[in-house]
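Input: a single structure, listed below in structure tokens.
The values are calculated or read from the model by the stated rules, or taken from the named source; none is laboratory data. What you see is a predicted model; the values in this text were computed from it and never measured. Don't worry about glycine lacking a Cβ; one is built from the backbone with ideal geometry, like all the others, and counts go over all protein chains shown.
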Amino acid sequence: LTDPVRVGLIGCGYWGPNLARNLHEIPEAELVTCCDLDAGTLVKMRMLYPQVETTSDSSDLIGDENLEGVVIATPARTHYGLARAALLAGKHVLVEKPLAMSSHEARELMALAESRQRVLMVGHVFEYNPAVREIKSLIDRGELGEVYYVHSTRVNLGRVQSDINALWSIAPHDVSILIFLLGAMPETVSAHGGSYLNGKVEDVVFVVLSFPSGVLAHVHASWLDPGKARCMTVVGSRRMVVYDDVASEGKIKIYDKGVYRKGEPIFGEFQYRVHSGDIAIPKIDMAEPLRIECQHFAECVRSGKRPLTDGASGLRVVRVLEAAQQSLEREGATVALGPEG
Ligand SMILES: NC(=O)c1ccc[n+]([C@@H]2O[C@H](COP(=O)([O-])OP(=O)(O)OC[C@H]3O[C@@H](n4cnc5c(N)ncnc54)[C@H](O)[C@@H]3O)[C@@H](O)[C@H]2O)c1
């Protein structure tokens, strides 16, 4: 058994306490310090974890020689500055998604982590989700046949943001899942959105991504919807999968359904056969994805291993969001991503 990795958490608002709970619970880490600008939030953290130190000054935490890792769960626009300061101070960093607000910033963080030999990991939590991993394994084993297209819905009512739009706030999850499942970057992106609540940021976005080999993906992300839905449909030539993250049981349903061409065309027209077979619900051991993510961070710090969701993974997602943002600003124009370099 190795010593637990001593970490400090910056940002204890909505999401931070979930990280705090996991970092506190896992044997691989020790939550030493919590930081937040809000004094009342720190009082709550001390009530939950009496042994934890608190500070409202992130530079106190970042400069603390006793800490090995810094976990950042502050608003997206502050990620780059805080992650940069932490890496410069020689800390290993786990930063919430998105890694940064531009690919330029993301590349700088990657280079810094590389030169300082520090772990830089991004909280693309769905890549640690056993259900998403099951779909990845189905695709990789050819169980779905050739993947035709993917449709993703991530909507709810509330948790309205005014500093970033639904693309940067919600869609990073879908983008990271798509790149993970398909093992490729999209070639082009186009996006439409609507700003209804404050006229400043899009509350709803519709993003279309086209991947090499012809896979098409559609993402609907919104905080202005009657119900909470986190649903992804993957349509393949042999089978189709519906992944409902909100379902308490049977998150994944594999439909043995497909449409096949029959023989040679008759008078130039193909005939089709619709196959509608069984629906399978694989049993998935649903460990908490955030716990797996936190354990992976600690393991990478101790072993020097590169995280699954490393800086390069963070950059890939940011590049797609950046392209989608350009498209949003050009009324849905198709934006090509081009090779990374
Ligand atoms: N993985 C997920 O499923 C998931 C879900 C929600 C949010 N998030 C991510 O978590 C991050 C935080 O989101 P949230 O919804 O918790 O936001 P939030 O506004 O509820 O909380 C952010 C907290 O950070 C504090 N803060 C801001 N700047 C600070 C600074 N310089 N130093 C110390 N504290 C500071 C604020 O006081 C606030 O308490 C975002 O990056 C978001 O994308 C991830």
(request) Please state which of the following conditions V150 fails to meet, knowing it meets all the rest: (1) assigned to a strand (DSSP E or B); (2) within 16 Å of the chain's Cα centre (by Cα); (3) among the aliphatic types (A, V, I, L, M). (result) (2)
(request) Please report, ordered by residue number, the strands (runs of 3 or more DSSP E) entirely within region 1-98 with at least 3 residues that are more than 14 Å from the ligand (Cβ to nearest atom) and of a type outside the set (F, W, Y). (result) 5-10, 29-35
(request) Might you check whether a residue that is polar (S, T, N, Q) and assigned to a helix (DSSP H, G or I) occurs anywhere in region 128-137? (result) yes
(request) Among the residues of region 203-257, count how many are surrounded by fewer than 16 Cβ atoms within 10 Å (Cβ to Cβ) and among the polar types (S, T, N, Q). (result) 3
(message) So for region 168-185 (the condition being assigned to a loop (DSSP other than H, G, I, E, B), within 17 Å of the chain's Cα centre (by Cα) and within 16 Å of the ligand (Cβ to nearest atom)), does at least one residue qualify?
(response) yes
(request) May I ask you to list the residues in region 134-158 that are within 16 Å of the ligand (Cβ to nearest atom) and surrounded by 17 or more Cβ atoms within 10 Å (Cβ to Cβ)? (result) S152, T153, R154, V155, N156
(request) Restricting attention to region 273-299, report how many residues are modelled with pLDDT of 95 or more and either crowded, with 22+ Cβ neighbours inside 10 Å or hydroxyl-bearing (S, T, Y) (or both). (result) 4
